[in-house]
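Worksheet: one structure, shown below.
Any read-out appearing in this document is the output of simple, stated calculations on the displayed coordinates, not a laboratory observation. Remember, it's a predicted structure, so these values are computed and weren't measured experimentally. Counting neighbours? That spans all protein chains shown, and the Cβs are built from the backbone with ideal geometry, glycine included.
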Amino acid sequence: MSTHRVPLRYAQDVDTSHAAELSVFFPAYNEEANVRTTAEGILRVLPSVSGRHEVLIVDDGSLDGTAAIADGLSEDNPLVRVIHHPTNRGYGGAIRTGLYNCRYELISFIDGDGQFDFAEIPSFLSSSQHYDLVIGYRVRRQDSLMRTLNARAWGTLIRFVFGLHVRDIDCAFKLIHRSALRSLPRLHSDGAMISAELLIRCRNAGLSIQEVPVHHFPRRAGEQTGANLRVIVRAFRDLFSLWWALRA
């Protein structure tokens with residue numbers, strides 16, 4: 001999917017897989033088994049793809065050792081920052097905190113569960129020379145059958161209600177220009193609706209969107225919360241709120 005407008009300027013004689021500056025963040029809720037691996041994986045890649053960079057960890061009110069591990073990473077490396085939510089605000093709340101607290105012009109985010117390889121960021125950076133928002137789509141989703149079916153049903157609902165047509169609405173590997181983000185109305189979704197809201201807001205604003213393939217890996221540790229009843233209810237509440245707001 002891409003819209004008609006391609007407003008970004010780019011140089012012809014630069015390495016398009018390298019950025020002058022790049023912020024990367026990921027949300028973490030009870031990810032003590034994954035937060036260090038995810039952060040260190042990002043840090044290994046960043047020097048080869050950007051001049052200035054940072055890693056922001058958003059601890060979303062974790063009840064395990066996630067917060068302490070994240071703080072330890074920040075103490076050991078000045079490139080790492082941590083923002084703590086006193087209580088769990090939900091996936092969307094954590095994504096919003098990350099998006100609005102990054103420092104650099106290019107902002108990328110992935111999940112903190114280790115199911116994506118940040119080494120695939122060069123394809124996002126190359127596309128970012130031409131597009132405002134670059135979104136991944138999983139070439140082979142590595143989730144349970146029930147989770148996959150739920151995701152397909154959710155995607156179908158989003159397409160029906162909002163007319164949003166992309167391969168993978170909820171793929172948690174994205175890159176956006178900070179200036180493009182600032183041109184949008186402030187995002188409000190607290191839960192899983194956040195990815196769809198971001199895409200819908202970008203499309204409605206006439207921003208350009210590009211999709212790139214990414215690999216998806218099985219979760220090796222920790223527990224997924226997407227099937228939690230509270231998470232599902234929050235997603236539908238956010239869907240209705242956005243639908244109502246766009247009608248105004």
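Below, the figures for the structure above:
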item: Charge tally in the Cβ shell below 12 Å around Ala94, where Lys, Arg are +1 and Asp, Glu are -1, Ala94 excluded; result: -3
item: Nearest-20 debye value, the chain charge dipole, Cβ charges on Lys, Arg, Asp, Glu; result: 1080 debye
item: Antiparallel %, DSSP beta bridges [both residues in the stretch 20-247], to 5; result: 25 percent
item: Mean shadow area of the chain, taken as a quarter of the surface of its Cα convex hull (nm²); result: 12.6 nm²
item: Virtual spin-label span in nm between Ile83 and Glu40, 7 Å along Cα→Cβ; result: 2.6 nm
item: The stretch 80-222 shape via C-alpha gyration tensor axes, a/c threshold 1.5; result: rounded
item: Highest to lowest packing among 195-206, 50-61, scored as the average C-beta count within 10 Å; result: 50-61, 195-206
item: Highest to lowest packing among 29-35, 208-214, 157-163, 62-68, scored as the average C-beta count within 10 Å; result: 29-35, 208-214, 62-68, 157-163
item: Simple label model, 7 Å out from Cα along Cβ direction - Val161 to Val233, nm; result: 1.7 nm
item: Coil-residue chymotrypsin sites (Phe, Trp or Tyr not before Pro) of the stretch 81-124, DSSP, other Cβ within 10 Å capped at 15; result: Tyr100
item: Derived scalar couplings ³J(HN,Hα) [the stretch 72-88; Karplus, 6.51 cos²θ - 1.76 cosθ + 1.60; whole Hz; x for Gly, Pro]; result: x, 4, 5, 5, 7, 9, x, 7, 9, 10, 10, 10, 9, 8, x, 10, 5
